[in-house]
Amino acid sequence: MPMTLHAASREALAAAELRLLELADATTSTDDLAKLGEELFAVLDVLIGQRSLRGALADASSEAAGREQLVRGLFAGKVSEATLQILVAVVTARWSSPRELVDGVESLARTTLLVRAERDGQLDSTEDELFRLGRIVAGSNELELLLADPAGDVSGKVALVDSLIQGKVSPVTKTLVGQLVRNPRGVRVADGLSELADLAAKRRQRSVAHVRSAVALTAEQVDRLTATLTTIYSRPIALHVEVDPSLGGGLTIKIGDEIIDGSVAGRLAALRRNLAS
């Protein structure tokens, strides 16, 4: 089922996504994006397996600096600097629950790999591969029961699915499917594959960025923002810019159902919610 986050977690995820998009924009290597996505999935596995750790990292009553120190102590030298920066963005934000922090890391890993597919010109084929595999799993009661068996050997399940898709799908599809089979997190594999296909479809459809800015953007700023978003989404992005002084400063960007809130008003609203809770 699609991920549903409370307000604080949505803001935390948006902040981490903004850092992710900045890092994606700074790299020209899709191999780096693949590594980032795979490392985020590896961290996800650790968080799923360690309840006390995800609780500590999502503890809003603790100091953000302490949570950052904890994540750096655990993962520095074991993951790339880019992955570490994303993790710091995650744990220094405020999440509604440990579960939603884990949801956020999973979302960031998936987004990273879909950005990689876009850069490689494989987003359409990735969407199609995920959809078709979902139909295959849904159409085979025996296969679905085998994958859903909680007592089943996880490595055996992954090996079975690998044997079905080996040489037939893109590296991004293989990684996404492998993670889903390894950690379905209470979701039927067929449903999870359908959700992944929907995520790819939504990303493919994002071609207009609705921008609200506290002040009018210069032509140079519009060109730079257009170039950045075009690089991130691997397709021409049209900007619809609206001046909204009520933002107080900064801007917000909406592409599809993704909203990046970098406005002063947005940050103040988040602060007020945090103080009230």
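The values are calculated or read from the model by the stated rules, or taken from the named source; none is laboratory data. Since the structure is predicted, the reported quantities are computational estimates derived from the model, not experimental observations. With ideal geometry, Cβ positions are generated from the backbone for all residues, glycine too; neighbour counts draw on all protein chains shown. These accessible areas exclude ligands, DNA and RNA; they are computed on the full protein's heavy atoms, side chains included. Shrake-Rupley method; radii C 1.70, N 1.55, O 1.52, S 1.80 Å.
Here is a list of conditions, (1) part of a helix (DSSP H, G or I); (2) in contact with a His (Cβ under 7 Å, 6 or more places away or on another chain); (3) open to solvent by 30 Å² or more (accessible area, probe 1.4 Å), and R19 meets all of them except one; can you say which number that is?
Condition not satisfied by R19: (2).
So the check is Cβ under 6 Å with 6+ separation or different chains; which pairs have a first residue in the range 114-126 that's free of Cβ contacts under 8 Å to residues at least 40 places away in the same chain and within 11 Å of Y233 (Cβ to Cβ) and a second one that's of a type outside the set (D, E, K, R) and assigned to a helix (DSSP H, G or I)?
From residues that are free of Cβ contacts under 8 Å to residues at least 40 places away in the same chain and within 11 Å of Y233 (Cβ to Cβ), there are no pairs.
Are any of the residues in the range 101-111 among the basic types (K, R) and farther than 16 Å from A16 by Cα?
Keep residues of the range 101-111 that are among the basic types (K, R), which gives 110.
Now drop any that are not farther than 16 Å from A16 by Cα, which leaves none.
No, the range 101-111 contains no residue that is among the basic types (K, R) and farther than 16 Å from A16 by Cα.
Could you please give the count of residues in the range 157-174 that are exposed (fewer than 10 other Cβ atoms within 10 Å of the Cβ) and assigned to a helix (DSSP H, G or I)?
Total satisfying the criteria: 1.
Right, D244: within 30 Å of D45 (Cα to Cα) and either among the acidic types (D, E) or open to solvent by 40 Å² or more (accessible area, probe 1.4 Å) (or both) or not? Lay out the reasoning, then the answer.
Details: within 30 Å of D45 (Cα to Cα): no; either among the acidic types (D, E) or open to solvent by 40 Å² or more (accessible area, probe 1.4 Å) (or both): yes.
So D244 fails the test.
Of the residues in the range 213-241, how many are open to solvent by 70 Å² or more (accessible area, probe 1.4 Å) and within 23 Å of the chain's Cα centre (by Cα)?
1
Where residues in the range 36-67 are in a loop (DSSP other than H, G, I, E, B) and of a type in the set (D, E, K, R), which of them is surrounded by the most Cβ atoms within 10 Å (Cβ to Cβ)? Talk me through it step by step, then tell me what you get.
Step one: filter the range 36-67 for residues in a loop (DSSP other than H, G, I, E, B), giving 50, 58-63.
Now narrow it down to the ones that are of a type in the set (D, E, K, R): 59, 63.
Values: D59: 16, E63: 10.
Per the criteria, the residue is D59.
Against the definition (β-branched (V, I, T) and open to solvent by 70 Å² or more (accessible area, probe 1.4 Å)), how does V208 come out, yes or no?
Against the criterion (β-branched (V, I, T) and open to solvent by 70 Å² or more (accessible area, probe 1.4 Å)), V208 does not qualify.
Cβ contacts < 8 Å: first residue under 15 Å from L47 (Cα atoms), restricted to the range 64-80; second residue among the acidic types (D, E) and part of a helix (DSSP H, G or I), any location; separation 6+ or different chain. Result?
V79/E39
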